[in-house]
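Reviewing the structure listed below.
Laboratory data are not the source of any read-out in this text; all were calculated from the coordinates shown. If you're wondering where the values come from, they're calculated on a predicted model, not measured in any experiment. Cβ placement follows ideal geometry from the backbone for every residue including glycine, while neighbour counts extend to all protein chains displayed.
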Amino acid sequence: MSSQGLTVWFTGLSGAGKTTTAAALVEELRAEGRLAILLDGDALRRHLSADLGYSASDRDESVRRAGAIAQLLNTQGCVAVVSLISPRAEARRGVRSAHHSDGLRFFEVYVATPLDVCESRDAKALYATARSGATSHMTGVSDPYEEPENPDVTISTVGATTTELLFQIRSELTL
């Protein structure tokens, strides 16, 4: 098992397929004998960031916290796989910069699934609730999502199998 940690950061809209793909990557890495942990945005929101709202500054703080946990895991030789909407480019740049400042590796995966597809998958009814006006600060509806400027890899879950997505990610990812 490699002792060098790494953060693989999945970003994209709600319903894009971030967590499904990230979980499959974790499973694959573990099957290879690597220490890999999934940090899922929904779980982080319920626990670590339960005190935060959905303002831009609160979202940035949530991203910073997830990045800090990933860095701690990296120092222990763990591959931290983060699945988090992380809508603001500046916050994602900050996490990448913090990793690099500590000599840690950071790999950004942009899950570029179109909004209409994400809305059609709306398992948690988040888009429907936002479109009805019952909630505000929904990324992609009432709040912007800033696409990554230079992600390490861009994938789309539309018409692709998990195996195909993992092959695409792994072909760019050096472990």
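Going from the residue with the fewest nearby Cβ atoms within 10 Å to the one with the most, His47, His137 rank His47, His137.
Mind checking the angle between helix 18-31 and the chain's longest principal axis? C-alpha axes, 0 to 90 degrees, to the nearest 10. In the chain, helix 18-31 runs at an angle near 20 degrees to the longest axis. Quick check on segment 75-139: take the gyration tensor over C-alpha atoms, sort the square-rooted eigenvalues as a ≥ b ≥ c, and tell me if it's rounded (a/c under 1.5), prolate or oblate. Prolate is the answer for segment 75-139, as a/c is 1.5 or above and a/b outweighs b/c. For the pair segment 100-151 / segment 23-78, the C-alpha centres are spaced 16 Å from each other. Proximity of backbone amide H atoms, modeled 1.01 Å from N, is registered between Phe106 and Thr7 at under 5 Å, excluding neighbours fewer than 5 places apart on the same chain.
Here the Karplus relation 6.51 cos²θ - 1.76 cosθ + 1.60, evaluated at θ = phi - 60°, turns the backbone of segment 90-104 into coupling constants of 4, 5, 5, 4, x, 5, 4, 4, 5, 4, 4, 4, 8, x, 9 Hz, with x for every Gly and Pro.
Residues Tyr54, Tyr110, Tyr145, ranked from the fewest to the most other C-beta atoms within 10 Å, line up as Tyr54, Tyr145, Tyr110. Taking packing as the residue-averaged number of other Cβ atoms within 10 angstrom, the listed peptides 86-92, 31-37, 16-22, 102-108 run from highest to lowest as 16-22, 86-92, 102-108, 31-37.
Using a Gaussian network model of the chain with C-alpha springs under 10 Å, which one of Glu149, Glu27, Glu164 is most mobile by mean-square fluctuation? The residue that fluctuates most here is Glu149.
By definition, a body whose alpha carbon gyration tensor gives a ≥ b ≥ c is oblate when a/c is 1.5 or more and a/b is not larger than b/c, and segment 4-86 fits this oblate description. When log10 I(q)/I(0) by the Debye sum over Cα atoms at q = 0.08, 0.14, 0.15 Å⁻¹ is computed from the coordinates, the matching label among (i) -0.30, -0.81, -0.90; (ii) -0.23, -0.71, -0.82; (iii) -0.33, -0.91, -1.01 is (ii).
Using only the alpha-carbon atoms, how far is helix 162-172 inclined from the longest principal axis of the chain? Give it as 0 to 90 degrees, nearest 10. Roughly 60 degrees between the two axes. Between the amide H of Val79 and those of Leu6, Leu35, Ala36, Ile37, distances stay under 5 Å, these residues lying 5 or more places away or on another chain, with hydrogens modeled in the peptide plane.
Taking every DSSP helix (H) stretch of at least 4 residues in the chain, weighting each as -39,500 (n - 2.57) and dividing the sum by the residue count yields a mean residue ellipticity at 222 nm of -13000 deg cm²/dmol.
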